[in-house]
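This report refers to the structure that appears directly beneath it.
The values are calculated or read from the model by the stated rules, or taken from the named source; none is laboratory data. Note that the coordinates shown come from a computational prediction; the quantities given were computed from them, not determined experimentally. Virtual Cβ from ideal backbone geometry, glycine too; neighbours counted across all protein chains shown.
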Amino acid sequence: MHALIVPAPAKLNLFLHVTGRRGDGRHLLETFFVALDFGDTVRVARREDGAIRRVAGWQDIPEEHDLAMRAARALQSASGSGAGADITVTKRIPVGGGLGGGSSDAASVLLALNQLWNLRLPRSRLMEIGLTLGADVPFFVSGEPAFAEGVGEILRRATLPPIWIALIAPAVNVSTAEIFAAPQLTRDTPSAKINVFSEGYGRNDLQEVAAARHPEIATALAELRRHSRHARMTGSGSAVFASFASGKLARDAVLATPPGMRAFVARTLSRHPLAAFA
């Protein structure tokens, strides 16, 4: 096997609560992660000279900060493999939208290279490597919807029937670090320890801060709330979403979006497309 072309799905945080802070300053979270049937595409081709090259990807970010490239180098270092890779990422997930594009690209690179390099590392080891790249990466490696705690790395598998989703992605690149650093951020939401997710449960504690800094998010929320009172932001923004009972209702909400706003319909996934890879 010389090359693989694999999906890198977007994700939603169906809710996101900030429950405290660790001694190192990182925020403690409770959230529900679910992947979508929409995302980037990653092509990974094996090289025998050990070089890791970016053939195509998000050119606005230096290679040393590109999570797909960092994932390949982290796996190479952790495994001691002498093989290399050419990496091509076709971006569809809006950048800075809270949909996990970079983390998903990184996870798909880890899973694909584990195959191409014949490493046979267990999924748990790939999740450990992924955590060094970002708190969302272990979820994408894990393969299933999950409740997450800690900084996002403590995962409890969950089941969720497929849900139709309408999304609006304002043309805003939100800085996660800036949102988490905001003095106004709620940092003491009580821990719920829920076992079953229901529509409308919880909230996104980052939403108020992000919408105050980026009025486009508030506008997008107002548009979706014309169709669902449960509309909310995902991650640190800027994308907002609402769930619907049918694809038609989700499409109707998207079609009503004013011109100039990127909007689309997606469906949640009960398993990651690469769930069988490790």
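Among the residues of the range 120-144, which ones are of a type in the set (Gly, Ala, Ser) and within 18 Å of THR31 (Cβ to Cβ)?
The answer is GLY130, GLY134, ALA135, SER142, GLY143.
Which residue is nearest to LYS91 (Cα to Cα), if the candidates are limited to the range 6-43 and must be free of Cβ contacts under 8 Å to residues at least 60 places away in the same chain and assigned to a strand (DSSP E or B)?
THR41
Being outside the structural domain of ILE179 (by TED's automatic domain parsing), of a type in the set (Phe, Trp, Tyr) and under 25 Å from ASN13 (Cα atoms): is that true of TRP117 here?
Against the criterion (outside the structural domain of ILE179 (by TED's automatic domain parsing), of a type in the set (Phe, Trp, Tyr) and under 25 Å from ASN13 (Cα atoms)), TRP117 does not qualify.
Of the numbered conditions (1) touching a helix residue (DSSP H, G or I) at 6+ places or on another chain (Cβ under 9 Å); (2) within 27 Å of PHE277 (Cβ to Cβ), SER243 fails exactly one; give the number of that condition.
Of the numbered conditions (1) touching a helix residue (DSSP H, G or I) at 6+ places or on another chain (Cβ under 9 Å); (2) within 27 Å of PHE277 (Cβ to Cβ), the odd one out for SER243 is (2).
Hey, could you check the range 3-35 for residues that are in contact with a Pro (Cβ under 8 Å, 6 or more places away or on another chain) and within 16 Å of LEU160 (Cβ to Cβ) and say which is surrounded by the fewest Cβ atoms within 10 Å (Cβ to Cβ)?
Here the answer is PHE32.
Which of the residues belonging to the range 95-132 are within 19 Å of GLY39 (Cα to Cα), at pLDDT 95 or above, more than 10 Å from the chain's Cα centre (by Cα) and not in a helix (DSSP H, G or I)?
Across the range 95-132, there are no qualifying residues.
I'm trying to understand the selection: among the residues of the range 66-77, which are touching a strand residue (DSSP E or B) at 6+ places or on another chain (Cβ under 6 Å) and either surrounded by fewer than 23 Cβ atoms within 10 Å (Cβ to Cβ) or hydroxyl-bearing (Ser, Thr, Tyr) (or both)?
Residue satisfying the conditions is ARG73 alone.
A quick yes/no check of all residues on (1) in contact with a Pro (Cβ under 8 Å, 6 or more places away or on another chain); (2) β-branched (Val, Ile, Thr); (3) modelled with pLDDT of 95 or more; (4) more than 16 Å from LEU36 (Cβ to Cβ):
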position	(1), (2), (3), (4)
PRO190	no, no, no, yes
TYR201	no, no, no, yes
GLU208	no, no, yes, yes
ALA211	no, no, yes, yes
ILE217	yes, yes, yes, yes
ARG226	no, no, yes, yes
ARG232	no, no, yes, no
ALA242	no, no, yes, no
ALA256	no, no, no, yes
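Considering the range 25-75 alone, what residues qualify as being more than 18 Å from ILE5 (Cα to Cα) and among the small types (Gly, Ala, Ser)?
Those that are more than 18 Å from ILE5 (Cα to Cα) and among the small types (Gly, Ala, Ser): GLY25, ALA35, GLY50, ALA51, ALA74.
So LYS91 clears everything in (1) in contact (Cβ under 8 Å) with a residue 40 or more places away in the chain; (2) surrounded by 23 or more Cβ atoms within 10 Å (Cβ to Cβ); (3) of a type outside the set (Val, Ile, Thr) except one condition, right? Which one?
(2)
So which residues in the range 44-65 are in a loop (DSSP other than H, G, I, E, B) and buried (at least 16 other Cβ atoms within 10 Å of the Cβ)?
Correct list: GLY57, TRP58.
In the range 26-65, what residues are within 24 Å of GLY202 (Cβ to Cβ) and out of contact with any strand residue (DSSP E or B) (no Cβ under 9 Å at 6 or more places or on another chain)?
ARG26
Give the range 223-242 a look and list any residue that's more than 19 Å from VAL209 (Cα to Cα) and surrounded by 20 or more Cβ atoms within 10 Å (Cβ to Cβ), or say none.
Selection gives ALA242 alone.
May I ask you to say which residue of ALA158, ALA148, ALA210 is over 22 Å from THR257 (Cα atoms), touching a residue at least 12 places away in the same chain (Cβ under 8 Å) and buried (at least 21 other Cβ atoms within 10 Å of the Cβ)?
Unique residue meeting the criteria: ALA148.
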